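The next block holds one structure in the form of structure tokens; read it before the comments.
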Amino acid sequence: MQLTKLSQAQAARAAGVSRTTIWRSIKDGQLSYERVDGKNVLIDASELLRVYPHADLQRADERSVNDALNAREHGSAHVHSGEIRALRDLVEELRADKSRLQFELDRASDERRKLLEMVEAKDRLLTDQREKERSSPTLWARLWRRAP
């Protein structure tokens, strides 16, 4: 990809000089430029080749791509550490929820056990727990046993 407008740093890389040298060329009026955002400078590639005929525009393009990749990697590492921090906070929150839920589960289990004991006690009260009295055999039963 061939650049038509170069930043001061890209122009310096392409020309093989320092950014200060590019700035001096601009200040001396040798190199024309275009101001962007009130402070940034864009230099037309043809203007750079006019002043610095040995400039390699391909080198400026490759380095700017590398710089962009490095910036992206640095930025993603920053986002990555932020994501890790957020995940750690989430894990701590989940651990707190787990311990709270375990406490509630234990309390509910104890309450269930107590309620079952109460139900069993009421069942014992409602059923006849006395031993059945042995009634004396009826006359027929006594006679029947003697018959053989």
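Along region 41-53 the Karplus relation, 6.51 cos²θ - 1.76 cosθ + 1.60 evaluated at θ = phi - 60°, assigns HN-Hα couplings of 10, 10, 10, 5, 4, 5, 5, 5, 5, 5, 7, 10, x Hz to successive residues, with x for each Gly and Pro. Taking label positions 7 Å along the Cα-Cβ direction at both residue 122 and residue 30, the computed distance is 10.2 nm, reported to one decimal. Taking 0.36 nm per residue of sequence separation and removing the Cα-Cα distance, the residue 20/residue 49 pair yields an extension gain of 8.7 nm.
Computed from label points 7 Å out along Cα-Cβ, the spacing between residue 142 and residue 40 is 12.2 nm.
For residue 41, the residues whose modelled amide H falls within less than 5 Å of its own, excluding neighbours fewer than 5 places apart on the same chain, are 8, 36.
Highest mean packing comes first when the peptides 7-15, 94-102 are listed by Cβ atoms within 10 Å, giving 7-15, 94-102. What the Cβ-Cβ distance of residue 99 and residue 9 gives, at R0 = 41 Å and to the nearest 0.05, is a FRET efficiency of 0.15.
Per residue, the convex hull spanned by the Cα atoms of region 1-47 measures out at 73 cubic angstrom.
Values quoted throughout were computed directly from the atomic coordinates according to the rules given, and no laboratory measurement underlies them. For clarity, every value in this text was computed on a predicted model and none was experimentally measured. FYI the Cβ positions are ideal-geometry reconstructions off the backbone, even for glycines, and counts take in every protein chain you see.
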